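Chemist: Please find one structure pasted underneath; my questions will follow.
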Amino acid sequence: MAETKIQIQDVSYAYGDQQVLRHITLDVPARAITVFFGPAGGGKTTLLRLLNRLNDLVEDGRMSGRILLDGEDIYAPGFDVPSLRRRVGMVFALPLPLPGTIRENVTYGPRLAGLRDRARLDEIVERSLRQAALWDEVKDRLDSPANALSGGQQQRLCIARSLALEPEVLLLDEPTSGLDPISTAKVEESLLILKEQYTVIIVPHSIQQAGRIADYAAFFLMGELVEHHPGKKIFTAPTDKRTEDYVTGRFG
Amino acid sequence: MRNRFVAQRVGFALLTLAALAVVIPILAVVAVIVIRGAAAINWEFLTAMPRDGMRAGGIFPAIVGTVVLTLGTAIVAIPLGVGGAIYLSEYARDTWLTRSIRLAIINLAGIPSVVYGLFGLGLFVLLLGFGTSIVAGSLTLSIMTLPIIISTAEEALRAVPTEFRTVSASLGGTRWQAIRHIVLPQALPGIITGIILGLLRAAGETAPILFTVAAFYLPRLPQSPLDQTMALPYHLYVVSTQVPGMPPKIQFGTALVLLGLVLSLNVVATTIRSYFRRRRQW
């Protein structure tokens, strides 16, 4: 039985007067790819952002329930939020390079954490860019501006940037939605290698993508967790009719 | 069909005339001052003390006074202004208090400068006992300049995309780290432009310094911050109206120096702004 990395216990979340998540309970296994899929408005992105407390930046949100990382409640008062975000990294749907060079982008996280040693930073740059399948394409121009890269390269840069901190968990929100099929394939390939070391939670941008890489899948609809199972069986033999209708394309 | 084209050309012609109507008076002002004042400009005029009841010699003490007052204003208004802008843009939540603060800043920007002068007289010169001095004058000018600096700095900070802050947070950065490493550097060109424009207004104003620091004539340069000083705007007023028998070229020469100072600061500000706008990475 795989060990559990994150436990989501009866989590509900409202924003303004909208109820975005209702009573979500789910265990996320360690060192595997967990997929949160479902139609838009299901609450998947919100749930991701709750896992690294990025929703703290939103003023009007109210959460109930608990989220445990390695057994610790991350919403406990006094919990060190910046260090949480170094352990639980996030890649967003749009490529968002920071102003500066490729090197500056990748080393941003470690530098903020206090790392100054040039040699170690250079090592981190190479390791992270290799893990993101970007090293060969940029190794000769690490000091050129990051926004001169193509969309697919920028997105892989953002993955490298998160990996530079060696997080325990990597959250990816539709990371390949703006990318061409070749870049998408490269990203999926990297994830399959990364899952051996990291816990990965991904909101895929298509069911097909979910089917290609999921070790564990959860279907969300209108803020509810409809069902969740290990393996890929949810895509071929779901137990709930709503899941079946979505997977077969009757709505979406 | 033909009517539409004619109407369009007439329209464009009227708009061009309107634009010229704005530009021509400005060019005329500059031209008159340059033509009638250029004769006075020489090394002595810029570096020597006035002689013969200020009808001859130079305007050096007025130039020094204006520079000193502008520096004094900068020392107070820049930290307060930029700090206030960072607070309003990055930390303040939208409450009735912050909305009142913003309203106050907008109103402060509209207060006539002579009212600031009177305020400075009452508070700094009399109540706090600084007397008519560089300190009182700089503090008064700072308060007048603060709204300009705070508004332009806040606008520059807000123009930096929110996404950068989110990305920084997702990499374990605190709010201050995001400001220090990303937001502030990206907003700096806009902030600097705002500072320069604010300072050049402070350099050119007469009313605030009239009651708080300006001297009609001083035989030597100021020795301490509690001294009075001469200053270009007030000196221009003095040589234009207060001294009989003043040669016109002195008057226009003084105006030309003040104009030159203000215009060159303006050019510097505009150049900084367009240089960084071209290099912007978002």
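Chemist: Would you confirm whether any residue within the stretch B:129-142 is surrounded by fewer than 23 Cβ atoms within 10 Å (Cβ to Cβ), over 25 Å from residue B:200 (Cα atoms) and not small (Gly, Ala, Ser)?
Modeler: No, the stretch B:129-142 contains no residue that is surrounded by fewer than 23 Cβ atoms within 10 Å (Cβ to Cβ), over 25 Å from residue B:200 (Cα atoms) and not small (Gly, Ala, Ser).
Yes/no per residue for (1) over 16 Å from residue A:106 (Cα atoms); (2) within 14 Å of another protein chain (Cβ to nearest Cβ); (3) more than 16 Å from the chain's Cα centre (by Cα):
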site	(1), (2), (3)
A:125	no, no, yes
A:136	no, no, yes
A:140	no, no, yes
A:144	no, yes, yes
A:176	yes, no, no
A:179	yes, no, yes
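Chemist: So, one more: If I filter the stretch A:92-114 for residues that are under 28 Å from residue A:44 (Cβ atoms), part of a helix (DSSP H, G or I), charged (D, E, K, R) and within 13 Å of another protein chain (Cβ to nearest Cβ), do I get at least one hit?
Modeler: No.
Chemist: Also, I was wondering about something else. So, residue A:237, is that one over 19 Å from residue A:153 (Cβ atoms), among the small types (Gly, Ala, Ser) and under 17 Å from the mean Cα position of the chain (by Cα) or not? Can you show your working first?
Modeler: Details: over 19 Å from residue A:153 (Cβ atoms): yes; among the small types (Gly, Ala, Ser): yes; under 17 Å from the mean Cα position of the chain (by Cα): no.
Spelling it out, it is not the case that residue A:237 is over 19 Å from residue A:153 (Cβ atoms), among the small types (Gly, Ala, Ser) and under 17 Å from the mean Cα position of the chain (by Cα).
Chemist: Go through (1) touching a residue at least 40 places away in the same chain (Cβ under 8 Å); (2) more than 21 Å from residue B:139 (Cβ to Cβ); (3) in contact with a strand residue (DSSP E or B) (Cβ under 8 Å, 6 or more places away or on another chain); (4) of a type outside the set (Val, Ile, Thr) for residue B:44 and report which single condition fails.
Modeler: (1)
Chemist: Quick check on this structure: which one of B:95, B:70 is out of contact with any Cys (no Cβ under 8 Å at 6 or more places or on another chain) and surrounded by fewer than 20 Cβ atoms within 10 Å (Cβ to Cβ)?
Modeler: Values: B:70 fails: surrounded by fewer than 20 Cβ atoms within 10 Å (Cβ to Cβ).
Every option except B:95 fails the conditions.
Chemist: Would you point out which residue out of A:194, A:179 is touching a strand residue (DSSP E or B) at 6+ places or on another chain (Cβ under 7 Å) and surrounded by fewer than 24 Cβ atoms within 10 Å (Cβ to Cβ)? Walk me through it before giving the result.
Modeler: On the way: A:179 fails: touching a strand residue (DSSP E or B) at 6+ places or on another chain (Cβ under 7 Å).
Residue meeting the stated conditions: A:194.
Residue by residue, here is whether (1) touching a helix residue (DSSP H, G or I) at 6+ places or on another chain (Cβ under 7 Å); (2) within 16 Å of residue B:210 (Cβ to Cβ); (3) among the aliphatic types (A, V, I, L, M); (4) modelled with pLDDT under 95 holds:
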| position | (1), (2), (3), (4) |
| --- | --- |
| B:96 | no, no, no, yes |
| B:99 | no, no, no, yes |
| B:105 | yes, no, yes, yes |
| B:113 | yes, yes, no, yes |
| B:127 | no, no, yes, yes |
| B:132 | yes, yes, no, yes |
| B:142 | yes, no, no, no |
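Chemist: Are there any pairs, at least 6 apart or on different chains, whose C-beta atoms fall under 6 Å, with the first in the stretch A:55-77 and under 21 Å from residue A:89 (Cα atoms) and the second among the small types (Gly, Ala, Ser), and if so, which?
Modeler: From residues that are under 21 Å from residue A:89 (Cα atoms), the pairs are A:55/A:61.
Residues are listed down the side, and each one gets a yes or a no for (1) within 30 Å of residue B:227 (Cβ to Cβ); (2) among the aromatic types (Phe, Trp, Tyr); (3) assigned by TED's automatic domain parsing to the domain that holds residue B:210; (4) assigned to a helix (DSSP H, G or I):
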{"residue": "B:88", "(1), (2), (3), (4)": "no, no, yes, yes"}
{"residue": "B:94", "(1), (2), (3), (4)": "no, no, yes, no"}
{"residue": "B:129", "(1), (2), (3), (4)": "yes, no, yes, no"}
{"residue": "B:141", "(1), (2), (3), (4)": "yes, no, yes, yes"}
{"residue": "B:147", "(1), (2), (3), (4)": "yes, no, yes, yes"}
{"residue": "B:152", "(1), (2), (3), (4)": "no, no, yes, yes"}
{"residue": "B:155", "(1), (2), (3), (4)": "no, no, yes, yes"}
{"residue": "B:165", "(1), (2), (3), (4)": "no, no, yes, yes"}
{"residue": "B:189", "(1), (2), (3), (4)": "no, no, yes, yes"}
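Chemist: Could you list, in sequence order, the residues of the stretch B:53-67 that are buried (at least 20 other Cβ atoms within 10 Å of the Cβ) and in contact with a Leu (Cβ under 8 Å, 6 or more places away or on another chain)?
Modeler: B:58, B:59, B:61, B:62, B:63, B:65, B:66
Rundown of residues vs (1) more than 11 Å from every other protein chain (Cβ to nearest Cβ); (2) over 14 Å from the mean Cα position of the chain (by Cα); (3) among the small types (Gly, Ala, Ser); (4) under 19 Å from residue B:175 (Cβ atoms), yes/no style:
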position: A:56; (1), (2), (3), (4): no, yes, no, yes
position: A:68; (1), (2), (3), (4): yes, yes, no, no
position: A:83; (1), (2), (3), (4): no, yes, yes, yes
position: A:88; (1), (2), (3), (4): no, no, no, yes
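Chemist: Take residue B:75 and tell me if it is within 21 Å of residue B:152 (Cβ to Cβ), in contact with a Pro (Cβ under 9 Å, 6 or more places away or on another chain), at pLDDT 90 or above and of a type in the set (A, V, I, L, M, F, W, C).
Modeler: Taking the combined requirement at face value, the residue does not satisfy it.
Chemist: Output the qualifying pairs, or none if there are none: Cβ atoms under 6 angstrom, residues six or more apart or on different chains, first residue in the stretch B:182-193 and away from chain A (no Cβ under 12 Å), second residue at pLDDT 90 or above.
Modeler: From residues that are away from chain A (no Cβ under 12 Å), the pairs are B:190/B:156; B:191/B:153; B:191/B:156.
Chemist: Take the residues in the stretch B:163-181 that are among the β-branched types (Val, Ile, Thr) and at the interface with chain A (Cβ under 9 Å from one of its Cβ atoms); name whichever of them is surrounded by the fewest Cβ atoms within 10 Å (Cβ to Cβ).
Modeler: Residues of the stretch B:163-181 that are among the β-branched types (Val, Ile, Thr), as a first pass: B:166-167, B:174, B:179.
Remaining after also requiring at the interface with chain A (Cβ under 9 Å from one of its Cβ atoms): B:166-167, B:174.
Details: B:166: 17, B:167: 25, B:174: 13.
My answer is B:174.
Chemist: Something else: For residue A:102, indicate whether it is of a type in the set (A, V, I, L, M, F, W, C) and modelled with pLDDT of 95 or more. Reasoning before the result, please.
Modeler: Details: of a type in the set (A, V, I, L, M, F, W, C): yes; modelled with pLDDT of 95 or more: yes.
The answer is yes for residue A:102.
Chemist: Mind listing whichever residues of the stretch A:70-81 are within 14 Å of chain B (Cβ to nearest Cβ) and not β-branched (Val, Ile, Thr)?
Modeler: A:79, A:80
Chemist: Right, another one. Kindly provide the set of residues from the stretch A:225-243 that are over 17 Å from residue A:202 (Cα atoms), surrounded by fewer than 16 Cβ atoms within 10 Å (Cβ to Cβ) and of a type outside the set (A, V, I, L, M), ordered by number.
Modeler: A:233, A:236, A:239, A:240, A:241
Chemist: If the requirement is being buried (at least 20 other Cβ atoms within 10 Å of the Cβ) and either more than 26 Å from residue B:279 (Cβ to Cβ) or small (Gly, Ala, Ser) (or both), which of these qualifies: A:164, A:185?
Modeler: Numbers: A:185 fails: buried (at least 20 other Cβ atoms within 10 Å of the Cβ).
The unique qualifying residue is A:164.
Chemist: Do we find that residue B:198 is part of a helix (DSSP H, G or I), buried (at least 22 other Cβ atoms within 10 Å of the Cβ) and not polar (S, T, N, Q) in this structure?
Modeler: Answer is yes for this residue.
Chemist: Name every residue in the stretch B:229-244 that is without any contact (Cβ under 8 Å) to a residue 24 or more places away in the chain and outside any helix (DSSP H, G or I), in order of residue number.
Modeler: Residue satisfying the conditions is B:244 alone.
The values are calculated or read from the model by the stated rules, or taken from the named source; none is laboratory data. Please read all numbers here as calculations on a predicted model, not as lab measurements. No Cβ is skipped: glycine too gets one built from the backbone with ideal geometry, and neighbour counts run over all protein chains shown.
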